[in-house]
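Shown next, in structure tokens, is the structure this report addresses.
The values are calculated or read from the model by the stated rules, or taken from the named source; none is laboratory data. Keep in mind that this is a model prediction, so the values were computed, not measured. Here Cβ is always computed from backbone atoms with ideal geometry, including for glycine, and neighbour counts include all displayed protein chains. Please note that ligands, DNA and RNA were not included when accessible areas were found on the heavy atoms of the full protein model with its side chains. Shrake-Rupley method; radii C 1.70, N 1.55, O 1.52, S 1.80 Å.
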Amino acid sequence: MCRSIKTLRPPVLPTEATEEDIRAAALQYVRKVSGFRAPAAHNREVFEQAVDEVAEATRRLLDGLQVRGAARKPVTEPVTEPATGAGAGPAVGSRDESVPGPATGPVAEPVRAPVP
């Protein structure tokens, strides 16, 4: 895959892909497939035609994609002030004992097979 081509669909892009984004991706694709960064004069017409066709196919693809959750607005949490003083909750870095976590205790030694 060509690393210069970026994903053009939501939620990767915060807004809809522009014609410039689509054309740039199409150009990178045609460059990669053809092996030419810039075509020679005798190949310029077919090169540009390929870029136009890939851009149009990309436009149709993006218009037809249905991305789950893309229509929903992001949920934002209300900003609250951190609690301070006595009874404000556990100190930073302390463990809440009511939340189950990994078992603690002595670590068992691995069982080793006898060496012949």
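Numerical summary
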| quantity | calculated |
| --- | --- |
| Unit Cα scatterers, Debye sum, segment 10-74: log10 I(q)/I(0) for q = 0.18, 0.28 Å⁻¹ | -0.70, -1.20 |
| Accessible area of residue 18 in the full protein assembly, 1.4 Å probe (Å², nearest 10) | 70 Å² |
| Summed side-chain charge close to residue 62 - residues other than residue 62 whose Cβ falls under 14 Å, Lys, Arg +1, Asp, Glu -1 | -1 |
| Label-point separation in nm, residue 66 to residue 52, each point 7 Å along Cα→Cβ | 3.3 nm |
| Segment 1-42: relative contact order in percent, alpha carbon pairs under 8 Å with at least 6 residues between | 38 percent |
| Two-site label geometry, residue 12 and residue 36: point separation in nm, points 7 Å out along Cα→Cβ | 2.8 nm |
